[in-house]
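Here's the structure we're looking at; comments come further down.
The values are calculated or read from the model by the stated rules, or taken from the named source; none is laboratory data. These numbers come from a predicted model, not from an experiment. Here Cβ is always computed from backbone atoms with ideal geometry, including for glycine, and neighbour counts include all displayed protein chains.
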Amino acid sequence: MAGTTSSKKQKKVTNKKEKEHQTQINVADTESEDDGLEETIEQFNDEEAAPAGETDVAKERRLKMARKNNRKNARQRCYRAWAKKSGAGDAETPGEFGNDILSNTLSISDINRMATWAPECVEIGSSLDEFKLMLGQRDERLGKSAAHVLRVNVEGLARNIVLELTGRCLESNGPQTISPAHVRSLLRPYEKALEVSSIAPDGLVRFGQMKKKTNIVRKMTPNGIVNSVEETEQSILPMKDVDEEEIVAERKFAKANHLKLLKELDKDREDRRSAKKSTREAAKQANTAGTTA
């Protein structure tokens, strides 16, 4: 019996040393990647690396592209790390990116934010019933057990969506980048099961009617050709005189109903938070007084 206990202790010590060694290796790899990134940035910022006769405009464009490429590479490394963590793996460490979740990629905080999300401002054209529903979900407490159940179901659905989107892009003859159009076409059947509008909500339509289109204009300056963004008179979505009258009426209705409801519920939420904070402080003071006595 004593020999078995000592062997277990020795095994725990060995595993602990292996974990510490692996952590040191990971830290070293991360530092080497950061050093390489810093060297790349310094190379782009180095005056000697600039081509001969480079103008200030060309230098600014070159540095801007360097920052853009560095950010793109950082995002790609993050995507690869997320895919490996979720089970996708690679050629050397193959995995299964399916519903057999070995490691969660969505945290409980992510699920809580998703389940309790609500608009923080009043949008023109938003439905009052949908606004009440989202505010009610925001103020409803999500239990720990319910959050864990929701986490498994949401992550399973998200994995299936990612697999389908990836397959569609690989099998198509177009660009190999997932676009909002791919996501919209895949999620369209889910709209029937939602209690709020998601594909083309009225608030988004109104935004498109009030937002002006922009064009990129090339102008000649003393420093060379510069691209500038100019706003046009045409809106993203066409708007008629009837739409302008409806927008005025919707803005008036939102101030009288949506905004009033939002202020009332925000006040109730702040009162509940203040009451909970006072209760915790009172309990803390009571525990401190009992320990001192």
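For the reader, a short list of remarks on this structure follows.
- The residues of the stretch 235-251 that are outside any helix (DSSP H, G or I) and touching a helix residue (DSSP H, G or I) at 6+ places or on another chain (Cβ under 7 Å), listed by number, are Ser235, Ile236, Leu237, Met239.
- Restricting attention to the stretch 244-293, the residues being over 16 Å from Phe131 (Cα atoms) and touching a Leu at 6+ places or on another chain (Cβ under 9 Å) number 0.
- Qualifying residue in the stretch 212-234 (condition: modelled with pLDDT of 85 or more, part of a helix (DSSP H, G or I) and not polar (S, T, N, Q)): no
- Taken as a whole, the structure places Thr116 among residues that are within 18 Å of the chain's Cα centre (by Cα) and not basic (Lys, Arg).
- Going through (1) without any contact (Cβ under 8 Å) to a residue 40 or more places away in the chain; (2) more than 19 Å from Ala118 (Cα to Cα) one by one, Gly224 falls short only on (1).
- Counted residues, the stretch 74-94 - those being modelled with pLDDT under 75, among the polar types (S, T, N, Q) and under 20 Å from Ile161 (Cα atoms): 0
- Number of positions in the stretch 188-207 that are at pLDDT 75 or above, within 21 Å of the chain's Cα centre (by Cα) and β-branched (Val, Ile, Thr): 1
- Arg159 being among the basic types (Lys, Arg) and more than 30 Å from Lys252 (Cβ to Cβ): yes
- Residue match in the stretch 114-127 (condition: among the small types (Gly, Ala, Ser), at pLDDT 85 or above, assigned to a helix (DSSP H, G or I) and closer than 30 Å to Gly208 by Cβ): yes
- Considered as a group, the residues in the stretch 128-187 that are outside any helix (DSSP H, G or I) and within 20 Å of the chain's Cα centre (by Cα) include one that is surrounded by the fewest Cβ atoms within 10 Å (Cβ to Cβ), and that residue is Thr177.
- Conditions (1) out of contact with any Lys or Arg (no Cβ under 9 Å at 6 or more places or on another chain); (2) acidic (Asp, Glu); (3) touching a residue at least 24 places away in the same chain (Cβ under 8 Å): number failed by Glu250: (1)
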